[in-house]
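Inspection log for the structure reproduced underneath, given as structure tokens.
Derivation of every value follows stated rules applied to the coordinates shown; laboratory data play no part. It should be emphasised that the depicted structure is a prediction, and the values quoted were computed from it without experimental measurement. Note: ideal-geometry Cβ built from the backbone for every residue, glycine included; neighbour counts use all protein chains shown.
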Amino acid sequence: MAPQILSPKEMLEKLVSFDTTSVKTNILLIEFVEGYLASHGIDSVRVPSGNGIHTSLHAVIGPGDVPGIGLSGHTDVVPVEGQNWSTDPFTLTQKGSRLYGRGSCDMKGFIACILSHAPKFKERDLKTPVHLLLSYDEEVGCTGVRPMIEELGDKLPAPRLVFVGEPTSMKVVDSHKSSSGFVTEVTGLESHSGKPQLGVNSIMAAGELISELTRIDAELRLRADGPRFDPPYTNVAVALIEGGTARNITPKSCKFSWMFRAVPATGTNEILTRFEKFAKEEVLPAMVKVYPEAAIETVQTTHVPALNAPEGSPAVSLALKLAGQNETFAVSYVTEGSLFEEAGFSSVIIGPGSISQAHAPDEFIEESELEVCSGFLGQIADYAEAN
Ligand SMILES: [Zn+2]
């Protein structure tokens, strides 16, 4: 029996049916992909996570001994909890021209296109191979792709360049902001709220620290040093806070998570350095006067560098040529592209679907976007056969 070829839409239906929210396993989805590729004579290699619940997958179509064109996508999706969906998020549902489902846009749509196209790549006499690079844990700090990148050029063949298929409405994106996340923990001292002079109020100290972050944010806005981005500045935000036990107890501990998204022109060290200086010189002294063990500690939890592809970079030039476009764009979300670029693999972002639908309830992709993406993959196949 001839192996089955799934259309991009059929493939997307299959991929959406696996609930691959980042905290859950993606192994079942990967098993399905391995089986599909194997049925078309395409071998793949896993790069598993340390805890064994996730794995990346790397596959080569064409010659194994020359650098290839990497097609990269993350298999994980953001949670649906707390979101109001009008359809089952894990059942691809078509309404008119739209295909609804979690990950339909970010970014199983792209993965569906490349898997659906895999048998066509395989049929061609490719001079330049096509590499499929599927990762996990992108949505929680782009952590899952890192072990696979480490093996490129070592256990796995290196790509010559990488197309990352995050949703850009198939426009060529050569630049994105960086993203850095932190947790700051303030330790004070409990006391009866009637005897505040005996305690150190960690929440009020945290309030001062947060005010400083608010001031930094306002100053960076005014600087507006990223005219290509929307918004055109680096922003700082506090997103989570917890602390205290009861209204009549001076709170001992308070913890808050904060982050910034920086345009390439803003130094990423500058913000943390200023914040820590403020904490040490302006907030902590009054705390330790009452309680010598009072503390303010900040730990960096995530960092994804900015992508700032040099003009005329191999990936950007080829993407523009194959997509028949002459303009590049900058976006404010992070991708795995900057990690590939940082590791020395020229990268560009181009993929189906609009980022406005990503992460939202009733996430969808226009069916026509899948068609445009498949056309682009056809261009890649022609190029890879000829060059
Ligand atoms: Zn994504």
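Summing charges over neighbours of PHE260, with a neighbour being any other residue whose Cβ is under 11 Å away from its Cβ, gives 0 when K and R count +1 and D and E count -1. The peptide list 4-11, 26-33, 82-89, put in order of mean Cβ contacts within 10 Å with the highest first, becomes 26-33, 4-11, 82-89.
Placing R0 at 41 angstrom, the Cβ-Cβ distance between ARG228 and ALA38 gives a FRET efficiency of 0.45 after rounding to 0.05. If the chain linking THR214 and SER7 were pulled fully straight, counting 0.36 nm for each residue of separation and taking away their Cα-Cα distance, it would gain 69.6 nm. All other residues whose Cβ lies under 14 angstrom from that of SER49 are scored, Lys and Arg at +1 and Asp and Glu at -1, for a net of -2. Packing-based ranking of 243-252, 230-239 yields 230-239, 243-252, ordered from highest to lowest mean Cβ neighbour count within 10 Å.
Ranked by the mean number of other Cβ atoms within 10 Å per residue, highest first, peptides 118-124, 107-113 order as 107-113, 118-124.
For the chain, adding -39500 (n - 2.57) for each run of n ≥ 4 DSSP H residues and dividing by the number of residues yields -9500 deg cm²/dmol at 222 nm.
If the cut-off is 27 Å between C-alpha atoms, which lysines fall inside it for LYS277, apart from same-chain ones fewer than 8 positions away? Answer for LYS277, where 27 Å is the Cα cut-off: LYS177, LYS252, LYS255, LYS289, listed by chain and number.
Over all pairs of different C-alpha atoms in the stretch 1-141, the reciprocal of the mean inverse distance, the Kirkwood hydrodynamic radius, equals 15.6 Å.
For the chain, the dipole from Cβ point charges (+1 on Lys and Arg, -1 on Asp and Glu) about the Cα centre works out to 480 debye, to the nearest 20. Of the DSSP beta bridges with both residues in the chain, give the percent that are antiparallel, rounding to the nearest 5. If I count the DSSP bridges inside the chain, around 70 percent turn out antiparallel.
Please give the length that would be gained between ARG146 and GLU282 if that part of the chain were fully extended, namely 0.36 nm times their separation in residues minus their C-alpha to C-alpha distance (nm, one decimal).
45.2 nm
When the Cα positions of VAL316, GLY244, PHE329 are compared along the charge dipole of the chain, GLY244 comes out farthest toward the positive end, with charges on each C-beta of Lys, Arg, Asp and Glu. Note on the chain: GNM, Cα springs under 10 Å; of VAL47, VAL200, VAL162, the largest mean-square fluctuation is that of VAL200.
Between VAL290 and LYS127, full extension at 0.36 nm per residue minus the direct alpha carbon distance yields a gain of 51.5 nm. Relative to its Kirkwood radius, the Cα radius of gyration of the chain gives an Rg/Rh of 1.05. For LYS171, a cut-off of 29 angstrom between C-alpha atoms picks up these lysines, skipping any fewer than 8 places away in its own chain: LYS9, LYS14, LYS95, LYS108, LYS120, LYS122, LYS127, LYS321. For the stretch 215-324, GluC sites (Glu not before Pro) are listed when DSSP marks them as loop and at most 16 other Cβ atoms sit within 10 Å of their Cβ; the list is GLU293, GLU311. Counting Lys and Arg as +1 and Asp and Glu as -1 over every other residue whose Cβ lies under 9 Å from the Cβ of HIS359, the net charge comes to -3. Inter-part distance, the stretch 45-70 to the stretch 124-138, computed on C-alpha centroids, equals 8 Å.
Simple rule: put +1 on each Lys or Arg Cβ and -1 on each Asp or Glu Cβ in the chain, find the dipole, and look at GLY351, SER179, SER116; the Cα lying farthest toward the positive end is SER179.
Membrane-span-like helices in the chain, defined purely by DSSP H runs whose alpha carbon atoms cover 15 Å or more axially and whose average Kyte-Doolittle hydropathy reaches -0.5, are 27-39, 108-123, 202-223, 367-386. Given the options SER86, PRO129, GLY101, identify the residue whose Cα lies farthest towards the positive end of the charge dipole of the stretch 74-132 (+1 on Cβ of Lys, Arg; -1 on Cβ of Asp, Glu). After comparing all options, I get PRO129.
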